[in-house]
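Input: a single structure, listed below in structure tokens.
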Amino acid sequence: MTHSLGMIALAVLAAGCASMTPSGPSAVVVLEPTKGNSAGGTVNFVQKGDKVAVSARVSGLSPGAHGFHIHEKGDCSSGDGMSAGGHFNPHGKPHASPGVPDRHAGDLPMLQADGTGEATLTVELDVISIGGGAADIVGKAVIVHKDPDDFRTQPTGNSGARVACGVIRKS
């Protein structure tokens with residue numbers, strides 16, 4: 001009887017530990033400032049079933065809201081971030097708020113910088129993936145914009161200049 005209880009306890013412990021580990025592949029971005037800007041930081045992505053958990057920490061921003069997007073090309077070689085192309089949009093959807101089901105895969109919630117220029121964001125998204133399929137973000141770029149996203153203007157959200165850029169790499 002003691003052996004059976006020990007096996008049950010071991011199975012419960014193993015199941016609990018398994019639920020604490022990430023459920024899928026992960027990726028990371030190191031954001032670097034574009035020419036004349038000082039914004040930088042990191043963005044982490046972890047696949048969790050059919051959603052991707054996103055956590056971002058960005059500094060060097062002006063206080064207030066900033067557009068934040070995944071862009072179609074993993075290229076930050078131009079001084080202004082324009083080499084990253086437009087928003088990542090593998091399904092041909094309109095630009096919209098992340099709360100709207102019919103949107104670009106690259107539409108992320110805005111970053112809100114505090115009075116010291118620091119912004120953090122934690123969100124789970126259902127229209128991107130890591131490591132496979134049309135909505136795979138690995139090899140794309142993340143852009144932080146100077147201005148807020150109005151979530152209406154097509155196809156960009158009228159977010160202004162690109163102040164930071166980084167390429168998404170599998171981790």
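The values are calculated or read from the model by the stated rules, or taken from the named source; none is laboratory data. Here the structure is a predicted model, which means the values were calculated and not measured. Quick reminder, even Gly has a Cβ in these numbers, built from the backbone with ideal geometry, and neighbours come from all protein chains shown.
Pairs, please: C-beta under 8 Å, at least 6 apart or cross-chain, first residue closer than 12 Å to Glu118 by Cα and in the stretch 35-50, second surrounded by fewer than 19 Cβ atoms within 10 Å (Cβ to Cβ) and among the polar types (S, T, N, Q)?
So the pair list comes out as Ala39/Ser59; Gly40/Ser59; Gly41/Ser59.
Here are some residues: Ala96, Ala84, Ala105, Ala119. Which one is touching a Leu at 6+ places or on another chain (Cβ under 6 Å) and closer than 23 Å to Asp150 by Cα?
Ala119
Condition (residue is touching a Leu at 6+ places or on another chain (Cβ under 6 Å) and surrounded by 15 or more Cβ atoms within 10 Å (Cβ to Cβ)) applied to the stretch 25-40: is it met by at least one residue? Spell out the reasoning first.
If we filter the stretch 25-40 for residues that are touching a Leu at 6+ places or on another chain (Cβ under 6 Å), which is where we start, we get 39-40.
Pick out the ones that are also surrounded by 15 or more Cβ atoms within 10 Å (Cβ to Cβ) and you get 39-40.
Yes, the stretch 25-40 has at least one match.
Which of the following residues is assigned to a loop (DSSP other than H, G, I, E, B), of a type outside the set (A, V, I, L, M) and surrounded by fewer than 17 Cβ atoms within 10 Å (Cβ to Cβ): Gly115, Gly74? Spell out how you get there, then give the answer.
Details: Gly74 fails: surrounded by fewer than 17 Cβ atoms within 10 Å (Cβ to Cβ).
Of Gly115, Gly74, the one residue that is assigned to a loop (DSSP other than H, G, I, E, B), of a type outside the set (A, V, I, L, M) and surrounded by fewer than 17 Cβ atoms within 10 Å (Cβ to Cβ) is Gly115.
Output the number of residues of the stretch 141-171 satisfying the condition of being part of a loop (DSSP other than H, G, I, E, B) and not hydroxyl-bearing (Ser, Thr, Tyr).
Start the filter on the stretch 141-171 by keeping residues that are part of a loop (DSSP other than H, G, I, E, B), which leaves 146-161, 168, 171.
Now restrict to residues that are not hydroxyl-bearing (Ser, Thr, Tyr): 146-152, 154-155, 157-158, 160-161, 168.
So the count comes out to 14.
Give the residue, chosen from Val52, Val123, Val138, that is closer than 21 Å to Ser23 by Cβ, among the hydrophobic types (A, V, I, L, M, F, W, C), assigned to a loop (DSSP other than H, G, I, E, B) and at pLDDT 95 or above.
On the way: Val52 fails: assigned to a loop (DSSP other than H, G, I, E, B); Val123 fails: assigned to a loop (DSSP other than H, G, I, E, B).
Residue meeting the stated conditions: Val138.
Quick one: count up the residues across the stretch 55-71 that are surrounded by fewer than 23 Cβ atoms within 10 Å (Cβ to Cβ) and either touching a Gly at 6+ places or on another chain (Cβ under 6 Å) or closer than 15 Å to Leu121 by Cβ (or both).
Result for the stretch 55-71: 8.
Within the set of pairs 6 or more residues apart or between chains, which connect a residue that is under 18 Å from Gly40 (Cβ atoms) and at pLDDT 95 or above inside the stretch 76-96 to a residue that is part of a loop (DSSP other than H, G, I, E, B) and among the β-branched types (Val, Ile, Thr) with Cβ atoms less than 6 Å apart?
Asp80/Thr34; Gly81/Thr34
Go through the stretch 114-148 and count every residue that is farther than 17 Å from Ala56 by Cβ, over 12 Å from the mean Cα position of the chain (by Cα) and touching a residue at least 60 places away in the same chain (Cβ under 8 Å).
3
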